[in-house]
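J.: One structure is given below, represented as structure tokens, and several questions about it will come after.
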Amino acid sequence: MARTSAAQANGEQIKDQAFSELKALIEESEKLLKSGAALVGEDAENLREQISQKLRQALDSVASARERTRPVVDATQAYIGGHPWQTVAISAGFGLVVGLLLGRR
């Protein structure tokens, strides 16, 4: 049991770190966009606004995806933790089928 909860905590930490890094990347891109305000012309301003809007949409999408996938991830982790041998058997069967299909070519 201790291994399972440690593995789940480690998986959660990795997932959170990936989302944090993506969010930081988007925020840093936004900062760079704002610092490039010295560009001239109305077209440059329109382009900056469009890029800024896309970055905001990306941040919203990341947050939305994280919230939508959380119940599925939690359910999968609970099932795998509760049925480890069934999970191994299903994975092995899937690998066998894929191997046979690839071997036929």
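Read the figures in this text as sums done on the coordinates, not as results from a lab. Predicted model only: the values in this text are computed from it and were never measured. Note that each Cβ is placed from the backbone with ideal geometry, even for glycine, and that neighbours are counted across all protein chains shown.
J.: Using the count of nearby Cβ atoms within 10 Å as a rough guide to exposure, how do Leu59, Leu25, Leu100 rank from fewest to most?
T.: Ranking Leu59, Leu25, Leu100 by Cβ neighbours within 10 Å, fewest first, gives Leu100, Leu25, Leu59.
J.: Additional query: Listing Phe94, Phe19 from the residue with the fewest other Cβ atoms within 10 Å to the one with the most, what is the order?
T.: Starting with the residue having the fewest Cβ neighbours, the order is Phe94, Phe19.
J.: Here's something else I'd like to know. For the pair Arg68 and Glu12, how long in nm is the line joining their label points, each one 7 Å along Cα→Cβ?
T.: Those two pseudo-labels are separated by 2.3 nm.
J.: Just grab the label-to-label distance for Ile80 and Phe19, each label 7 Å out from Cα along the Cβ direction, in nm (one decimal).
T.: My value for the distance between the label points is 1.7 nm.
J.: Only counting other Cβ atoms within 10 Å, I'd like Lys31, Lys15 sorted with the fewest neighbours first.
T.: Lys31, Lys15
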